[in-house]
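Enquirer: Starting off with a structure, shown below.
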Amino acid sequence: MQIFNPDSRYSRFIYRLLDYVKLGLLFLLFSIPGFTAGAAAAAAMTVGMRIERKEAPAIFQPFWQAFMDNFRQGTALTLLFMLAIGFLAADWYILMQMEGTLPVRLLCALVFVLALLIATLMLWVFPTLARFELTNRQIIHNAVIHMLSRFPQTLLALAAAVGGFILAALFPQVMPVITFFVPAFVVWYMSGTCVKRFRKFDGSLENETVEIAPLNL
């Protein structure tokens, strides 16, 4: 039957789905210490973007190599984001203890917007780290440009990640489904989005050093 043919469209879809499930699980596993999440995200995006470019690599070996290559820089960026998120969380906690006046509500809205921007920025920082050889400052600078140019698409990936977390918290029985498919979806979606976005800058050169100027907006 055609459905069991390894070259059929159905078989290719299943193999690709399984590749992204593996990538999502590897990301979760290698993110367990917390400070390694950035290197794990860069590794997952490295392999995901290769899949989207139809290079069809193996999964674990390229993931491990990319994780080690990006460990130092990815950890530094992760700690920077953890500091920023911790600062916003502390501000939110303080504001929640205060009387709900108009200035307090405005400050709460500001903290929420800043948290949203940081979360969407993270979705571009680590793919940028995975794709280009740049300094941390250049990575953040370029990720801001990418985020602003693809903000609605990035919000969809963020909504999937946050929605999965909320569902897992409210309904623990769906945790296995969330664990298998939400990280896989985010990696797949961002890999495709990043390949299309980066193609105009990198010319598909694997190790090219690129810095995107602000005029590209």
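The values are calculated or read from the model by the stated rules, or taken from the named source; none is laboratory data. Everything numeric in this text was worked out from a predicted model, so none of it was measured. In this analysis, Cβ positions are derived from the backbone assuming ideal geometry, glycine residues included, and neighbour counts consider all displayed protein chains. Note: areas computed on protein heavy atoms with side chains; ligands, DNA, RNA excluded. Shrake-Rupley method; radii C 1.70, N 1.55, O 1.52, S 1.80 Å.
Enquirer: Quick one: which helices (runs of 4 or more DSSP H) sit completely within segment 1-114 and have at least 2 residues that are of a type in the set (A, V, I, L, M) and without any contact (Cβ under 8 Å) to a residue 40 or more places away in the chain?
Expert: Output list reads 9-30, 37-52, 71-96.
Enquirer: Which residues, counting only those in segment 147-158, are free of Cβ contacts under 8 Å to residues at least 60 places away in the same chain and under 19 Å from K200 (Cα atoms)?
Expert: Across segment 147-158, the qualifying residues are M147, R150, F151, Q153, T154.
Enquirer: Right, another one. What is the number of the single condition among (1) at pLDDT 90 or above; (2) under 24 Å from R199 (Cβ atoms); (3) open to solvent by 90 Å² or more (accessible area, probe 1.4 Å); (4) not aromatic (F, W, Y) that I32 does not meet?
Expert: Failed condition: (2).
Enquirer: Which of the following residues is in contact with a Leu (Cβ under 7 Å, 6 or more places away or on another chain) and surrounded by 15 or more Cβ atoms within 10 Å (Cβ to Cβ): V182, V187, V174?
Expert: Numbers: V182 fails: in contact with a Leu (Cβ under 7 Å, 6 or more places away or on another chain); V174 fails: surrounded by 15 or more Cβ atoms within 10 Å (Cβ to Cβ).
Sole residue among the options that is in contact with a Leu (Cβ under 7 Å, 6 or more places away or on another chain) and surrounded by 15 or more Cβ atoms within 10 Å (Cβ to Cβ): V187.
Enquirer: Mind checking which residues of segment 177-186 are in contact (Cβ under 8 Å) with a residue 12 or more places away in the chain and either out of contact with any Phe, Trp or Tyr (no Cβ under 6 Å at 6 or more places or on another chain) or under 12 Å from R50 (Cα atoms) (or both)?
Expert: Residues satisfying the conditions are I178, T179, F180, F181, V182, F185, V186.
Enquirer: To continue, here is another question. In segment 53-72, what residues are within 15 Å of the chain's Cα centre (by Cα) and closer than 21 Å to F181 by Cα?
Expert: F63 - this is the single residue of segment 53-72 that is within 15 Å of the chain's Cα centre (by Cα) and closer than 21 Å to F181 by Cα.
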